[in-house]
Amino acid sequence: MKNSESFCPFYVVLCLLNIGLQLAGVFGRSDGPVPGGGVDASGGVKLTCDPKHVTIDNGIIQLTLASPIGRIVGLKYHGADNLLDSHEPKLWGAYFDVSYNVIPPRSGAGGLHRVEATKYAVITEKPDIVEVSFSAEWNPSLTDSVVPLNFDIRYIVRKGDSGFYTYVAVERLKDWPDMDMSLHVFVFRPNKQLFNYMAVSDEIQLVMPTEADRANGVTLAPREAVLMTNPVDPAFKGQVDDKYEYIQEQKDSKLKGWISDTSKIGFWLIQPSTEYMNGGPLKYDLSCHNGPTCVMVFTGEHVYGDDVDMVFKKGEGWNKVFGPFFTYVNSEQDRAGLWKDAKSQLEKETQLWPYCFIQHKDYTPAAQRGSVVGQLLVDDKYLSPTPKEACKAMVGLAAPGTTNEAWQSEAKGYNFWTEADEKGNFCIKNVRPGDYNLYGFVPGIVGSLRHPQLITVKPGNEINLGQVMFKPPRNGPTVWELGIPNRSAKEFFIPNPDPKALNKFWLDKPDQKFRQWGLWDRYPVYWPKEDVVFEVGRSNYSKDWCFAHFYRSDGKVWNPTTWQIIFDLPEVCTTGSYTIHIALAAAELTNTLVYVNNINARREHYDTGTWGDDNAIARHGDHGFYRFFSGSLPSNLFVKGKNTIYLKQARSQTYMFAGVMYDYIRLEAPPPSTAQPKEL
């Protein structure tokens, strides 16, 4: 394997060029009108303060911050006095929340904490840029109701920018108490009198119901869902609104926001990098939803559950910078024009990343970062006699771990991901110095990679790993396979929603059908008495295999269901054991038992164990936290001719959202005893 490390002059030149462009303002501003119709201010950026407020004005936007707590209370732009909501005292403007628990738990300690700073400071005050800080320091004399962390919330306004930058630096000292944290989120509340149209992707854009539309509705389960029975706008009558219907994968959530049809103004959160977020590129989390609300979730367990929480023990110090991200505003265009312009701004911010104007000591500028390049190949001789190129693989660097999926639960450090090209070539740029493992997964290939070598990234260096070989799980030739190994369950059958409780927006989007509310109640509509039976060679998994292995309610509890996979074996291979591979796209309080040909056997033939705190079923995902299992099945369990594998949930549940989503299942025969395996 080729593995070289070198000082890369070209990389440094690129960094310096990037810095020069930023200082020159090539990407950040223009000499004429800024996007959206604002006019650049000739006087530069102005900072004014009074005992309760800090105001930063660059002639395009005027940002007002409550002092010293650091909350955003005003954003003036293009004739609108405030683009943020100011009607509800607890939910106005924008603010930073943390959810935590002390260990061991104590009454009154932990929960959701709104960070309020106690100290204000000016970091930079120049005609072309102003940066201010709002900080809060913890000490042992503080009550348990204050999260034991130091916070430094920063805001930056530059000359010519139609928006502002935000980042949060967090610090924990070594001798502070044990704790865990599940959420770091910056919440924005756009002005409900202005903004009515939400856009979080090219496909997901719609007029949203208001809080008044929801107010007279019926609260469903989970409680975030509301059936609108008497909305102000009759178009929403009989529809369900739930904020989790609009969750996005982190790789696709770099731009999100709201549009005002009346004022023709767009409000956007732009995120050029996700390096500081937890869970990796496929992790689902909130984006925008009713309110109107727009969130920047740095770390969260909303869909993945507590597997992604951060746990700290006394003696463990920690620091991290969340962000920066850019709040962008534009105007004087229709919906399509505002969205297109916002996408263009995302491209510009991405070219500027990492920013050269950030002043915090824990932020790493471009010149102090490195890169890792290589080519990923897939070595599975049952698929190809020679290694094949890992087309469009996701490849990333994250903290060293002990499993191939360690990156999914990593939250304390930084992670860096890229998509390989058609030939498996990858280049991971702008990596902070430190020790990493290389991780990866390939569309259409089950399992994942963890490169055994520790990779140490140094400032300005490029590490060339050469060809990296990924050997996916494989013990023998495929007998049959079910599904597509893509870490998702959406290729399977998804029930139609209850026509009396649906969201019409998803009806013409079949690939997003899983986002509808109440699908857990639709399983018995399609399988009223018998559970799923799949016949290999006859059944079609897009019609005959439900996307989630649900339980069945008897009105008191949810009872286990047993699914069957029926297949023929022309002969039973007795040279070794068969292998069943089960890849789970999500799991919630589930324990899958595998039986071969005898569901009444004294004990199961394979047990995955109890796993999962995912909320993918309840929160309308097609996947959650990925898990992979391989079980050995003795050949004497099989017979020549018809065979049945049973998949049974182990026990009853009192939780209606329990269940499992399968990504992919494969049965393998024992490996040939003599000749080399042939391509299938």
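The values are calculated or read from the model by the stated rules, or taken from the named source; none is laboratory data. Keep in mind it's a predicted model, so treat the numbers as computed, not measured. Reconstructed Cβ throughout: ideal geometry from the backbone, glycine too, with neighbour counts over all protein chains shown. Side chains are part of the model used for accessible areas, which takes the heavy atoms of the whole protein and leaves out ligands, DNA and RNA. Shrake-Rupley method; radii C 1.70, N 1.55, O 1.52, S 1.80 Å.
For TRP611, what accessible surface area do you get with a 1.4 Å probe? Give it in Å², rounded to 10. Looks like 110 Å² after rounding. Where only DSSP H runs of four or more residues are counted, the chain gives -2000 deg cm²/dmol as its mean residue ellipticity at 222 nm, each run worth -39500 (n - 2.57). Here the stretch 257-356 has 45 percent of its accessible surface on carbon and sulfur atoms, given a 1.4 Å probe and all protein chains in place. Mind running the shape call on the stretch 455-601? Use the C-alpha gyration tensor, a ≥ b ≥ c as the square roots of the eigenvalues: rounded below 1.5 for a/c, prolate if a/b tops b/c, oblate otherwise. Oblate. Between 0 and 90 degrees, the angle of helix 9-24 with respect to the longest Cα principal axis of the chain falls at about 40 degrees. Could you list, in their original order, any pairs among LYS46/LYS340; LYS283/LYS490; LYS46/LYS159; LYS46/LYS126 whose Cα atoms are separated by more than 19 Å? Check vs 19 Å cut-off fails for LYS46/LYS340. The alpha-carbon atoms of the stretch 392-433 define a convex hull whose volume equals 77 cubic angstrom per residue.
Expressed as a fraction of 2.2 N^0.38 Å, the value expected for a compact globular protein of N residues, the C-alpha radius of gyration of the stretch 401-461 is 1.17. Here the contact order of the stretch 114-153, divided by its residue count and restricted to Cα pairs under 8 Å and six or more residues apart, works out to 36 percent.
Roughly how far apart, in whole Å, are the Cα centres of the stretch 449-509 and the stretch 233-310? Taking the Cα centre of the stretch 233-310 as reference, the centre of the stretch 449-509 is 21 Å away.
Going by the alpha-carbon gyration tensor, a ≥ b ≥ c the square roots of its eigenvalues, is the stretch 219-323 rounded (a/c under 1.5) or, if a/c is not under 1.5, prolate (a/b greater than b/c) versus oblate? Since a/c reaches 1.5 but b/c is at least a/b, the shape of the stretch 219-323 is classed as oblate. In the chain, excluding the sites themselves, the longest stretch lacking any of the GluC sites (Glu not before Pro) that are in a DSSP loop with at most 12 other Cβ atoms within 10 Å is 204-421. Taken as Cα centroids, the stretch 544-598 and the stretch 389-433 sit 32 Å apart, rounded to the nearest whole angstrom. Across every direction, the projection of the convex hull enclosing the Cα atoms of the stretch 534-580 has a mean area of 5.1 nm².
Mean projected area of the Cα convex hull of the stretch 432-507, taken over all directions, amounts to 9.9 nm². Overall dimensions of the chain, expressed as equivalent-ellipsoid semi-axes from the Cα gyration tensor (√(5λ), whole Å, largest first), are 45, 31, 23.
In this Cβ point-charge picture (+1 for Lys and Arg, -1 for Asp and Glu), the chain has a dipole of about 520 debye about its Cα centre.
Based on protein heavy atoms only, the chain ends up with 40 Å² per residue of surface accessible to a 1.4 Å probe.
Using only Cα coordinates, the Kirkwood hydrodynamic radius of the stretch 543-680 works out to 16.2 Å. Computed over the stretch 620-663, the P(r) curve from all C-alpha pair distances, binned at 5 Å from the origin, holds 5, 12, 18, 19, 19, 13, 9, 5, 1 percent per bin. Relative contact order for the stretch 407-498: what is it in percent, counting Cα pairs under 8 Å that are at least 6 residues apart? Here the relative contact order equals 21 percent. Across the alpha-carbon set of the stretch 358-490, the Rg to Rh ratio works out to 1.02, Rh being the Kirkwood radius. Shape class for the stretch 356-405, computed from the alpha carbon gyration tensor (a ≥ b ≥ c): prolate, with a/c not under 1.5 and a/b above b/c.
Evaluated at q = 0.16, 0.21 Å⁻¹, a Debye calculation over the C-alpha positions of the stretch 288-372 (equal weights, vacuum) places log10 I(q)/I(0) at -1.01, -1.21. Which whole-number percent is the relative contact order of the chain (Cα, under 8 Å, 6+ apart)? Averaging sequence separation for qualifying contacts and normalising by length gives 12 percent for the chain.
Measuring max minus min along each principal axis, the C-alpha atoms of the stretch 583-639 give extents of 41, 19, 16 Å (largest first). With the highest mean first, a sort of the peptides 621-627, 155-161 on other beta-carbon atoms found within 10 angstrom per residue produces 621-627, 155-161. Farthest toward the positive end of the dipole of the chain, out of SER409, LEU667, VAL130, is the Cα of LEU667, where the dipole comes from beta carbon charges about the Cα centre. In the stretch 145-211, the inverse of the mean reciprocal separation of distinct Cα atoms equals 16.3 Å; this is its Kirkwood hydrodynamic radius. Helix 335-352 and the longest principal axis of the Cα set of the chain meet at an angle near 90°.
What translational diffusion coefficient, in µm²/s and rounded to a whole number, does the Stokes-Einstein relation yield for the stretch 168-290 at 25 °C and a viscosity of 0.890 mPa s, taking the hydrodynamic radius as the Kirkwood radius over Cα pairs? Result for D is 148 µm²/s.
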